[in-house]
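Structure, as structure tokens:
Values quoted throughout were computed directly from the atomic coordinates according to the rules given, and no laboratory measurement underlies them. Owing to the predicted nature of the structure, the values given are computational and were not obtained by experimental measurement. Neighbour counts are summed over all protein chains in view; Cβ atoms, including those assigned to glycine, are modelled from backbone coordinates with ideal geometry.
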């Protein structure tokens, strides 16, 4: 007969003394002692709250009267509300668009910050500033930027007036980039990176000087155009046929504030990739794009999974930026599931519908679990 693990452990413990049992007990219980404060807060403040919320979702509680049990009526009636369906659609669109854009943007920003150039620590600090600034303050600033006479419309007007100069600048930049890149490639041995700082600096400086000279001598005319007057906040218009314009403005804000945080994760992942992989690829004649596609992206797969998971969870539960915008925009243009829960509990009519809000909260939690489950299901380690 083969001895089981239980038999082996019991044989080992036959010769134990009191000190051995004491050491064994400390070793097994020590992790739970350190976890006790977190487990206590998790059970009391989250576990109890979740059970209580589920109970309220089965009642018609309104914060004042005694709750009456109504079963699954809230879960059935909520899908008959146009406001809830609109909040669900806005939440899904917001979450998908913001997560995809912020993931790509964070990777590109991390690649930029991973370059070995002078002053890169200063730029890393500047790029990270939006993430450490208070969300409410940033949202209030964006409200000012997206006013009808705000900075965003002013920049659009400026671009329309000087469109000829922007075209000249872009053309000159591409031409100089091509010339300088070929010159360095022929002068130096080995491959020159497409993102070589010398190529970018010379091309940008030359194109900028050309645009300034043309503007100084007024060689190119300035287009006569009326000021751009786009209504960003107080409107029900849709962009691309499915994104409310106020929600699009909040998307831009959310992307701008979350990309720096996600880029820090990517930057840590980039610095953990063995340099030998890139050196071996260079020996085999791989281009910069091939190294990025076949080395960088696969090596960052775990980081990408983490970034997308955090992104989806954060965007599905996004509330504060919508709440700050509040009455500045029509409700149907900015409402999300989290804000739907808030408006039902703290209703402007003074009648709280806690049961319906609790049901929406559980649907939001279930939706979050589904997204994370499918991400894990299709994630290839």
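For the stretch 94-139, the Kirkwood hydrodynamic radius comes to 12.2 Å, computed from all pairs of different C-alpha atoms. Normalised radius of gyration (Cα atoms, divided by 2.2 N^0.38 Å) for the stretch 342-381: 1.74. The distance linking the stretch 97-147 with the stretch 352-369 is 32 Å (Cα centroid to Cα centroid, whole angstrom).
How large is log10 I(q)/I(0) at q = 0.15, 0.18, 0.22, 0.28 Å⁻¹ when the Debye formula is applied to the Cα atoms of the stretch 307-363, each weighted equally and without solvent? With one equal scatterer per Cα and no solvent, log10 I(q)/I(0) is -0.47, -0.65, -0.89, -1.16. Three principal axis extents describe the C-alpha atoms of the stretch 17-75; from largest down they are 61, 18, 18 Å. The alpha carbon gyration tensor of the stretch 126-170 gives principal lengths a ≥ b ≥ c with a/c of 1.5 or higher and a/b no greater than b/c, which makes the shape oblate. Going by the alpha-carbon gyration tensor, a ≥ b ≥ c the square roots of its eigenvalues, is the stretch 94-171 rounded (a/c under 1.5) or, if a/c is not under 1.5, prolate (a/b greater than b/c) versus oblate? Taking the square roots of the gyration eigenvalues as a ≥ b ≥ c, the stretch 94-171 is oblate. Computed over the chain with a Gaussian network model linking Cα atoms closer than 10 Å, the most mobile of 314, 241, 350 is 241.
For the stretch 279-349 versus the stretch 200-248, the spacing of their alpha-carbon centroids is 26 Å. Per-residue packing, averaged as other Cβ atoms within 10 Å, sorts the ranges 362-368, 28-34, 234-240 into the order 362-368, 234-240, 28-34, beginning with the highest.
Highest GNM mean-square fluctuation among 266, 216, 127, for the chain modelled with Cα contacts below 10 Å: 216. Summed over qualifying helices (DSSP H, 4 residues or more, each -39500 (n - 2.57)) and divided by its residue number, the chain shows a 222 nm mean residue ellipticity of -22000 deg cm²/dmol.
Across all directions, the average projected area of the convex hull around the alpha carbons of the stretch 261-361 is 9.2 nm².
Work out, in µm²/s and without decimals, the Stokes-Einstein translational diffusion coefficient of the stretch 200-259 at 25 °C, 0.890 mPa s, Rh from Kirkwood over C-alpha pairs.
Diffusion coefficient, whole number: 159 µm²/s.
In terms of overall dimensions, the stretch 151-190 has a Cα radius of gyration and Dmax of 16.2, 48 angstrom. Treating each Cα of the stretch 230-284 as one equal point scatterer and applying the Debye formula with no solvent, the log10 of I(q)/I(0) at q = 0.13, 0.18, 0.20, 0.32 Å⁻¹ comes out as -0.57, -0.70, -0.77, -1.11.
What's the Kirkwood radius of the stretch 110-222 in Å, using all Cα pairs?
This gives a value of 17.5 Å.
In the calculated pair-distance distribution of the stretch 171-295, the portion above 20 angstrom amounts to 72 percent of the Cα-Cα pairs.
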